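The numbers here are math on the coordinates, done by the rules we state, and not lab data. Note that the structure is predicted; figures quoted are calculated from it, not measured. So basically every Cβ, Gly included, is an ideal-geometry build from the backbone, and we count neighbours across all protein chains shown.
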Amino acid sequence: MSKHSEACCKIPPVVVEGYEPKGKYIDLNGTKTYVTGPESADTAILSLYDIFGFFPQTIQGADILAYSDSAHPYQVFMPDFFAGNPADVSWYPPDSDEKKEKFTKWLEENAAPPKHLPKVPTLLEAAEKTNSNIKSWGVIGYCWGGKMASLIASKDGKIKAAVQTSPAMVDPAEASNVKIPMMMLASKEEPADTVKQYDENLKVTKHVETFGDQLHGFMSARADLKDEKVKSEYERGYKLALQFFHDNIH
């Protein structure tokens, strides 16, 4: 478990619907990227969205991360890896043959991590050119982005701490190679034995926790914020992530 100081962060009231983003979209190396947070920040977070792309719940999450730690504001960068072609949220869960076919085809054509991982170093460099104050990085990954974060965390690079939430394709073998502090916030839909094995294989500072009554995607596109329990756990997830970054990224 990570060390937990007094709560570092007070997150703003979560907006249930009609969220108005605080950031803007910029071009990073030819990739449309949502950026939020003070331009004076010397720490940045790479936000790796889920397969549904720029969704209000995920954008709101980026804004929460950017502005809620008063001691360490962050600039958050969320690149559009899928180039305007995210998965359709109506395909998930893929509980019919038609949905399964569309979902599988989209994944095969768009979501293979080896296709996207080589873009990360150049995106970080491009982000630093927009803000010369940036000295260190964290990464947060949602679902598909969680898999990306796990793989990034096994490489030597600029990123100092990683958070996965509702991670997709959890592979305990990867955990043995993780080189930086790692948080995993799992939902009830990830296989419990696989999450446990990943936890046991981590050799770094860690915090692994399962939100046992939450659906896959509870901190991103599938979060039904009109449901008070979901909203509460969405908030708790972001508080935990902020505390983990606060403790491990600087």
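Data for the structure
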item	result
Relative contact order computed over the chain (Cα-Cα under 8 Å; 6+ residues apart), in percent	22 percent
Simple spin-label estimate for residue 95 and residue 215 in nanometres, 7 Å along Cα-Cβ	0.9 nm
Extension gain, residue 42 back to residue 154 (0.36 nm per residue minus Cα-Cα distance, nm)	38.0 nm
Simple spin-label estimate for residue 107 and residue 196 in nanometres, 7 Å along Cα-Cβ	2.4 nm
The chain: most fluctuating residue of 192, 66, 168 per GNM, C-alpha cutoff 10 Å	192
Neighbour-count ranking [beta-carbon atoms within 10 angstrom, fewest first] of 204, 76	204, 76
For the chain, built as a Gaussian network whose Cα springs stay under 10 Å, the top-fluctuating residue of 99, 147, 160	99
Summed residue charge, Cβ within 14 Å of residue 53's Cβ, Lys/Arg positive, Asp/Glu negative	-1
Choice from 220, 90, 187 showing the highest fluctuation, given a GNM over the chain with Cα pairs closer than 10 Å	90
Estimated FRET transfer efficiency when R0 is 35 angstrom, pair residue 129-residue 22 (beta carbons, to 0.05)	0.95
Separation in nanometres of the label points that stand 7 Å from Cα toward Cβ, at residue 72 and residue 117	2.6 nm
Summed side-chain charge close to residue 87 - residues other than residue 87 whose Cβ falls under 9 Å, Lys, Arg +1, Asp, Glu -1	-1
DSSP-assigned coil residues among GluC sites (Glu not before Pro) in region 33-128, each with at most 13 further Cβ atoms within 10 Å	39
